[in-house]
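J.: Please read through the structure below; I'll follow up with questions.
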Amino acid sequence: MRVDAIQQSQRRGKILEWISSTDFPTQQSDFIARRQEGTGVLFIDSPEFTKWFNESKRTLFCPCIPGAGKTMMAAITIDYLPRTVESNTIGVAYLYCNYKAQADQTTASLIAAILKQLMQAQPPVMEPVARLYEHHASLRT
């Protein structure tokens, strides 16, 4: 039984890496680790955030100058969502775009990174993608 679990884990890892080598969750963890205690509390408690969070089809737009903390606020929001919304039907996926890596951040690569995150968080998403992986693996594409 243990060998089977190891093989399943390895297969899952290969499929996830095939989908995308980008690891936004590691970046997210790094941002949150650098967060100072209390940072973002006013933002999360703001009426604008509360309205965005509680209503559907809303956009939370936070324009600021470079270096003002938009990435940290995004990281705080991303950290907040899965702890607050517990649902098997809602997935949280995110991207961190970097102007220095524009060439690598194609539409296809960003969508693949979102799919990878959803596969990691929602196991039912894995099976159809696994079938696609097996198909392409057999064709070596």
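The values are calculated or read from the model by the stated rules, or taken from the named source; none is laboratory data. Computed from a prediction, not measured in an experiment: that's the story for all the values here. Please note: Cβ atoms are built from the backbone with ideal geometry, for glycine as well, and neighbour counts cover all protein chains shown.
J.: Identify, from the list Glu127, Glu134, Glu86, the residue that is farther than 20 Å from Arg12 by Cβ and of a type in the set (Asp, Glu).
T.: Glu86
J.: While we're here: Quick one: is Ser9 modelled with pLDDT of 95 or more and in a helix (DSSP H, G or I)?
T.: no
J.: Can you find a residue in region 68-78 that is modelled with pLDDT under 90, in contact with a Leu (Cβ under 9 Å, 6 or more places away or on another chain) and under 30 Å from Pro123 (Cβ atoms)?
T.: No: zero hits.
J.: I'm trying to understand the selection: among the residues of region 55-71, which are under 21 Å from the mean Cα position of the chain (by Cα) and under 22 Å from Ile90 (Cα atoms)?
T.: Once the filter is applied, which keeps residues that are under 21 Å from the mean Cα position of the chain (by Cα) and under 22 Å from Ile90 (Cα atoms), region 55-71 yields Ser56, Lys57, Arg58, Thr59, Leu60, Phe61.
J.: Continuing with the same structure: How about region 12-39: which of its residues are in a helix (DSSP H, G or I) and either of a type in the set (Asp, Glu) or within 18 Å of Pro124 (Cα to Cα) (or both)?
T.: Arg12, Gly13, Lys14, Ile15, Leu16, Glu17, Trp18, Ile19, Asp30
J.: Go through Gln10, Gln36, Gln27, Gln102 for me and flag whichever is of a type in the set (S, T, N, Q), more than 16 Å from the chain's Cα centre (by Cα) and under 16 Å from Lys116 (Cα atoms).
T.: So the residue among Gln10, Gln36, Gln27, Gln102 that is of a type in the set (S, T, N, Q), more than 16 Å from the chain's Cα centre (by Cα) and under 16 Å from Lys116 (Cα atoms) is Gln10.
J.: Which number in (1) in contact (Cβ under 8 Å) with a residue 24 or more places away in the chain; (2) assigned to a helix (DSSP H, G or I) marks the one condition that Ile114 misses?
T.: (1)
J.: Additional query: Out of the residues in region 3-59 that are without any contact (Cβ under 8 Å) to a residue 40 or more places away in the chain and basic (Lys, Arg), state the one that is farthest from Leu81 (Cα to Cα).
T.: Among those that are without any contact (Cβ under 8 Å) to a residue 40 or more places away in the chain and basic (Lys, Arg), it is Arg34.
J.: How many of the residues making up region 60-86 are more than 17 Å from Asn98 (Cβ to Cβ), touching a residue at least 40 places away in the same chain (Cβ under 8 Å) and among the β-branched types (Val, Ile, Thr)?
T.: 1
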